[in-house]
Amino acid sequence: MQLGTRWSVGGEVPPRVPDAMVAAIREVESELADVDTTQWRWTLTWLEGRPVAELDDGTRLRMAHDGAILRDRLD
C-alpha cells in the first residue's frame, strides 16, 4: 500500500486520480448535499497501483483490476 493524500469534501481531487474515480467521488459528494461535511476529508491511498479513496464517514471507493469502481462502507 502506498500513501497518497487527504483533501476536503468538494475540494480538488489529486490530479493522478483516474477520471472514473473522480466521477465516483463527485457522485458520493452529491448524495451528501444535505449533510454538513465541512469537517470531512477524503483519504487517498494506492493498493497494487490502484486508487482507494475513503471518506471520513466510512464510505470507500476502490478501483478494480478492470477499471470498475467498487463502493462499500467500513463500519
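The values are calculated or read from the model by the stated rules, or taken from the named source; none is laboratory data. Keep in mind the model is a prediction, meaning the values are calculated, not measured. Cβ atoms come from the backbone with ideal geometry, glycine included; neighbour counts cover every protein chain shown. To get the accessible areas, we keep the full protein, side chains included, count just its heavy atoms, and leave off ligands, DNA and RNA. Shrake-Rupley method; radii C 1.70, N 1.55, O 1.52, S 1.80 Å.
With the other protein chains left in place, how much accessible area per residue, in square angstrom, belongs to the chain at a 1.4 angstrom probe?
Solvent-accessible surface per residue comes out at 63 Å².
Apply the Karplus parameterisation 6.51 cos²θ - 1.76 cosθ + 1.60, with θ equal to phi minus 60°, to every residue of the range 28-39 and state each ³J(HN,Hα) to the nearest whole Hz, in sequence, with x for glycine and proline.
Along the range 28-39, the couplings run 4, 4, 5, 5, 9, 4, 9, 10, 6, 10, 4, 9 Hz.
I'm a student and want to see the number: the projected area of the Cα convex hull of the chain, averaged over all directions, in nm².
Values: hull surface 19.3 nm².
Averaged projected hull area, Cα only: 4.8 nm².
With charges set only on the Cβ (+1 for Lys and Arg, -1 for Asp and Glu), what does the dipole of the chain come to about its Cα centre, in debye to the nearest 20?
Working: 9 positive and 14 negative charges, 68 e Å.
For this selection, approximately 320 debye.
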